[in-house]
1. How about the stretch 101-122: which of its residues are without any contact (Cβ under 8 Å) to a residue 24 or more places away in the chain and surrounded by fewer than 15 Cβ atoms within 10 Å (Cβ to Cβ)?
2. Can you spot a residue in the stretch 33-40 that is closer than 16 Å to GLY177 by Cα, at pLDDT below 95 and open to solvent by 70 Å² or more (accessible area, probe 1.4 Å)?
3. Out of curiosity, is LEU182 of a type outside the set (Ser, Thr, Tyr), open to solvent by 70 Å² or more (accessible area, probe 1.4 Å) and part of a helix (DSSP H, G or I)?
4. Please specify each residue of the stretch 138-169 satisfying the condition of being closer than 19 Å to ASP71 by Cβ and open to solvent by less than 90 Å² (accessible area, probe 1.4 Å).
5. Of the residues GLU193, GLU189, which single one is part of a helix (DSSP H, G or I) and more than 22 Å from the chain's Cα centre (by Cα)?
6. Can you report the number of residues in the stretch 61-84 which are part of a helix (DSSP H, G or I), surrounded by 14 or more Cβ atoms within 10 Å (Cβ to Cβ) and of a type in the set (A, V, I, L, M)?
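The values are calculated or read from the model by the stated rules, or taken from the named source; none is laboratory data. Just so it is clear, the structure is predicted and the values come from calculations on it, not from any experiment. Reconstructed Cβ throughout: ideal geometry from the backbone, glycine too, with neighbour counts over all protein chains shown. Quick note on the areas: whole protein, heavy atoms, side chains included, nothing else; ligands and nucleic acids left out. Shrake-Rupley method; radii C 1.70, N 1.55, O 1.52, S 1.80 Å.
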Amino acid sequence: MATNTHGPPSPLGDAKLRRPMVIEIIEKKFEYLKKEKTLNIDGTVFFGTTSGFSGILANFLFRHCFKVKHDALKTYASLTTLPFLSTVVAYKLLVTDGLYSGNISQENCVLRSSLVGIVCGVLYPTALAFSKNGRLAVKYHTVPLPPKGRVILYWLLLCQTEIKAMTIPLVFQTVFGIFNGLRHYAIFESTLEKTVHEG
């Protein structure tokens, strides 16, 4: 009686055959990611630029509040550059890398994008402008010194109008963060669909 020497196909052999196909699909996905601009570089750079403008506004307001005339170029340079860089880096780490990992939903993507806009585009430049110009005000005695033990409260009361004015970029950065997050997610989803259809 003849015996079947071949037997059923080995699962290990199937896995070996499937592996090159999986690698090829992944390579195709990366090609699409580059081709379809899923990095959203233009949106990220524009987002960073709006944060830079927010820093310029914050610096202008707090220099006026503290009546500071010194180190204008130095403060404007740092208040433009640092918010821009922090926004670009934070967006890349939290949103772009999150999309590539495939672990975030549309809602999560929008939330992360808007948080980047709020924190890096408004809160950070406001705190930085407040701190830098407050130090210059103390150094050059452009405003009366605060009483001991109530320094922060004194500065906050002195600049309450300027702090309220920063709600304008706060609203803008939040809205743009939501829009940018939705747009980036839509681009990414569209790219993945094309990859699946052609794969």
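1. SER101, GLY102, ASN103, SER105, GLU107
2. Initially, the stretch 33-40 is screened for residues closer than 16 Å to GLY177 by Cα, giving 39-40.
Still in the running and at pLDDT below 95: 39-40.
Checking the rest, the ones that are also open to solvent by 70 Å² or more (accessible area, probe 1.4 Å) come to 39.
Yes, the stretch 33-40 contains a residue that is closer than 16 Å to GLY177 by Cα, at pLDDT below 95 and open to solvent by 70 Å² or more (accessible area, probe 1.4 Å).
3. Numbers: of a type outside the set (Ser, Thr, Tyr): yes; open to solvent by 70 Å² or more (accessible area, probe 1.4 Å): yes; part of a helix (DSSP H, G or I): yes.
So LEU182 fits the description; yes.
4. Scanning the stretch 138-169 gives VAL138, TYR140, THR142, VAL143, TRP155, CYS159, GLU162.
5. Details: GLU189 fails: more than 22 Å from the chain's Cα centre (by Cα).
Result: GLU193 is the single residue among GLU193, GLU189 that is part of a helix (DSSP H, G or I) and more than 22 Å from the chain's Cα centre (by Cα).
6. Keep residues of the stretch 61-84 that are part of a helix (DSSP H, G or I), which gives 61-66, 72-84.
Right, trim to surrounded by 14 or more Cβ atoms within 10 Å (Cβ to Cβ) and you get 61-63, 65-66, 75-76, 78-80, 82-84.
Next cut, of a type in the set (A, V, I, L, M) only: 61, 79, 82.
The number of residues fulfilling the criteria is 3.
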